[in-house]
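Colleague: Below is the structure I would like to discuss, written out as structure tokens.
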Amino acid sequence: MFIVETQKIIKAELVIIGGGIAASSAAVYYGRGASDDKKKQSYLITGMFGGQITQTNSLENYLGFKGTGMEFSDLIYKQVEENFINSNIIHDMVTEVDFSKENQYLIKLSNGNVYKSRSVIIATGAHHRDLKIPLIEKYRDRGIYYCAVCDGSLFKNKQVMVIGGGNSAFTEALYLSNICEKVYLVHRGEDFPRVESLLKEQVFAKKNIHIIKNANLKELKGDSLLKSVVIHYKNNFQEEIQVSAVFIAIGFIPNTRIFENYILTQDGYIFINENQEVFDKNKKILKGIYSAGDVDDSKYRQGITAAAEGCKAVLNLLKYLRTIDN
Ligand SMILES: Cc1cc2nc3c(=O)[nH]c(=O)nc-3n(C[C@H](O)[C@H](O)[C@H](O)COP(=O)(O)OP(=O)(O)OC[C@H]3O[C@@H](n4cnc5c(N)ncnc54)[C@H](O)[C@@H]3O)c2cc1C
């Protein structure tokens, strides 16, 4: 339990933590479904609004929208403003939480304010693990990508590379093998112990997936677009390979650090049930706390699934609030 100065405590019905697609969807559904009294005491606390989707220059698989991630983020911000109480959108980071007392959940912001809330929606998303190599920033979106489903179609019949040796890398390689001429799968180790056997069989059976083991990506080359990469093998051999894109799939890190004392996670992701409810460390439901989006979703990690989870979390929350209010 963190120490709070009582004068700084703000009473709340709901605090949504996050400002990506999941949090925005939750805010829109809540804004439309909750009474005005409840809305007045509800807050959306967001770090950088828009979240991961702002990193892409071409969002083409979200139904009803085509454009850049920033344009999409601007549109959803307007929609949140129209449906959620404007002044209750707080641009700040949550630094600490205390979920030890049911329906008196404490959420502390970096500005020192503390919210005591009956309910919470966690939608803090995730960030991808990155490679530390020169020019990675220069080629982001110009040859360096993190999501085959999102950006793979830009490289139809081209040669591409996937970096990683886990389920994500194998899934990305398999997906790309149906679009691209050739897919190099580069893994720093010798074996793939963490990859599911069926997935392994599917990848090994693909004629256009070429697996490179015991190697690391060291250099990116090109002009304004990526043209080739240099691979260093463990035996000191180096090789330059022509590729139009590299998909980095060395893992995602869900943003759960501030919740780790209170919430059950699985492989780092928040563990949820079918109602988006979360659990404490003793596997007991934390009543009134829900999760949505990439922070709990290790499988799909798409804009549309994050939006769906935000919707589900709020519809279940509203139902829960009705039961405790009556
Ligand atoms: C490069 C890239 C391209 C992509 N392209 C596509 C695509 O084409 N199509 C598609 O469907 N999906 C795409 N995705 C995936 C998609 O962006 C994500 O699945 C989706 O945005 C997840 O939304 P989210 O709200 O769950 O989390 P995030 O987008 O991660 O948002 C989390 C939010 O929480 C905030 N936050 C985190 N911690 C705190 C805290 N302590 N306090 C306050 N706020 C906090 C962050 O600032 C952020 O606003 C792409 C992802 C990347 C990285």
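The values are calculated or read from the model by the stated rules, or taken from the named source; none is laboratory data. A quick note: this is a predicted structure, and the numbers were derived from the prediction, not measured. Note that we place each Cβ from the backbone using ideal geometry, even for glycine, and neighbour counts take in every protein chain shown. Remember, those area values only see protein heavy atoms, side chains included, never the ligands or the DNA or RNA. Shrake-Rupley method; radii C 1.70, N 1.55, O 1.52, S 1.80 Å.
Colleague: Could you look through segment 282-308, keep only residues that are of a type in the set (A, V, I, L, M, F, W, C) and near the ligand (Cβ under 7 Å from one of its atoms), and pick out the one that is farthest from Q55 (Cα to Cα)?
Modeller: Step by step, filter segment 282-308, then rank; the result is A292.
Colleague: Let me ask you something else. Anything in segment 115-133 that is surrounded by fewer than 20 Cβ atoms within 10 Å (Cβ to Cβ) and in a strand (DSSP E or B)? List them, or say none.
Modeller: K116, H127, H128
Colleague: Output the strands (runs of 3 or more DSSP E) that fall wholly within segment 252-326 and possess 2 or more residues being β-branched (V, I, T), or say none. First the steps, then the outcome.
Modeller: On the way: elements: 252-254, 277-279, 285-291.
Filter on segment 252-326 gives 285-291.
Colleague: How many residues does segment 214-245 hold that are part of a loop (DSSP other than H, G, I, E, B), open to solvent by less than 60 Å² (accessible area, probe 1.4 Å) and without any contact (Cβ under 8 Å) to a residue 40 or more places away in the chain?
Modeller: Matching residues across segment 214-245 total 1.
Colleague: Regarding segment 13-26, can at least one residue be identified that is in the same structural domain as L321 (by TED's automatic domain parsing) and away from the ligand (no atom under 14 Å from the Cβ)?
Modeller: Yes, the conditions are met somewhere in segment 13-26.
Colleague: State whether one or more residues within segment 312-319 are more than 13 Å from the ligand (Cβ to nearest atom), touching a residue at least 24 places away in the same chain (Cβ under 8 Å), touching a Lys or Arg at 6+ places or on another chain (Cβ under 7 Å) and more than 24 Å from G166 (Cβ to Cβ).
Modeller: Taking every residue of segment 312-319 in turn, none turns out to be more than 13 Å from the ligand (Cβ to nearest atom), touching a residue at least 24 places away in the same chain (Cβ under 8 Å), touching a Lys or Arg at 6+ places or on another chain (Cβ under 7 Å) and more than 24 Å from G166 (Cβ to Cβ).
Colleague: OK, next. Could you check segment 249-282 and list, in sequence order, the residues that are touching a helix residue (DSSP H, G or I) at 6+ places or on another chain (Cβ under 9 Å) and of a type outside the set (S, T, Y)? Outline the logic, then answer.
Modeller: First, pick out the residues of segment 249-282 that are touching a helix residue (DSSP H, G or I) at 6+ places or on another chain (Cβ under 9 Å): 249-252, 265, 270, 272, 274-278.
Passing the criteria: A249, I250, G251, F252, I270, I272, E274, N275, Q276, E277, V278.
Colleague: Name the one entry in I85, I89, I76, I45 that is more than 9 Å from the ligand (Cβ to nearest atom), touching a strand residue (DSSP E or B) at 6+ places or on another chain (Cβ under 8 Å), modelled with pLDDT of 95 or more and closer than 30 Å to I263 by Cβ.
Modeller: Just a single option satisfies the conditions, and that option is I89.
Colleague: So which residues in segment 143-169 are part of a loop (DSSP other than H, G, I, E, B) and within 12 Å of the ligand (Cβ to nearest atom), if there are any at all?
Modeller: Y146, C147
Colleague: Can you tell which of I324, I285 is at pLDDT below 95 and farther than 18 Å from Y29 by Cβ?
Modeller: I324
Colleague: Of the residues I136, I211, only one is open to solvent by 10 Å² or more (accessible area, probe 1.4 Å), among the hydrophobic types (A, V, I, L, M, F, W, C) and more than 16 Å from the ligand (Cβ to nearest atom); which?
Modeller: So the residue among I136, I211 that is open to solvent by 10 Å² or more (accessible area, probe 1.4 Å), among the hydrophobic types (A, V, I, L, M, F, W, C) and more than 16 Å from the ligand (Cβ to nearest atom) is I211.
Colleague: Follow-up. Pull up segment 27-49, narrow it to residues that are crowded, with 20+ Cβ neighbours inside 10 Å and within 28 Å of D130 (Cβ to Cβ), then point me to the one that is nearest to the chain's Cα centre (by Cα).
Modeller: The selected residue is T46.
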